[in-house]
Amino acid sequence: MKVSRKSFVKSAAILAGATLLNTHKTEAQITAALVNLENDFALPPLGYNYDALEPFIDKLTMEIHYSKHHQAYVNKLNDAKAKITSWNYKTLNDVLENINDIPKDLQGAIRNNAGGHYNHSLFWSLLKTNTIPSEKLVKLISENFESMENFKTLFTKAAMGIFGSGWVWLIKQDGKLKIVSTPNQDNPLMTGIAKDLGTPMIALDIWEHAYYLKYQNKRADYVTAFWSVLNWEKVEELLVNSR
Ligand code: MN
């Protein structure tokens, strides 16, 4: 399928933040993802190798997490979407912000799987070794949480406090940064569902499938390792582009 340059740029702008997460995509790959979004949702290219985050996140976990778990969310989202006759959503964000408008019998499936698709797409883009936060970012985080060290302590505490499966987030809410958590595959874009709404800046997967192979029950070690692979450049990009 051919997409004109003009419509490509337009779609790319609409999708910014949700699908165009990786910096290493070719235009052809991005175009393919956009074409797919208008029809079916698709797994975004990871943008790096499965072993790129070793030893902090192991190769096998990355492979299973991306190619099996994330793919399953995408497949189930497409299955549920196919059963909805009046699908008017243009973007994934659009779906998440209007979950309550989805027919009741399919709402759970869309909520879990659109959430799973968005959360993992964002998560992959937030992983990269050897990045450091800019002075500007450190200042902003310090203004909101006293210090970078205290921010990490509070974020870790939130991660440790999740019972069962869920996600911990740094979000921008009414111009302020806030640490929040959500159960299952919910996220802070889900109007009428999430307790705290806001624009995600950092996301950490607290499902056991994200860390059990390497860390087993030691969730705290996984959270500590996360700081070594958090892509601060991406965090800053999300912050700059946020409302
Ligand atoms: Mn996961």
How far apart, in nm, are the 7 Å Cα→Cβ label points at H209 and K104? 2.9 nm
PRE zone check, label point 7 Å out along Cα-to-Cβ of M160, amide N under 13 Å, scope the range 205-243, hits 218-224
Quick one: length gained pulling T153 to N184 fully straight, 0.36 nm per residue minus the C-alpha distance? 8.9 nm
With a Cα-only, solvent-free Debye model of the range 102-147, what are the log10 I(q)/I(0) values at q = 0.13, 0.14, 0.27, 0.29 Å⁻¹? -0.56, -0.61, -0.92, -0.95
Show me 143-150, 160-167 ranked by packing, highest mean number of other Cβ atoms within 10 Å first. 160-167, 143-150
Could you calculate the contour length gain from K136 to N75, that is, 0.36 nm times the residue separation minus the distance between their Cα atoms, to one decimal place in nm? 18.0 nm
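Just so you know, all these numbers are worked out from the coordinates, no wet-lab data involved. Computed from a predicted structure; not experimentally measured. Note that each Cβ is placed from the backbone with ideal geometry, even for glycine, and that neighbours are counted across all protein chains shown.
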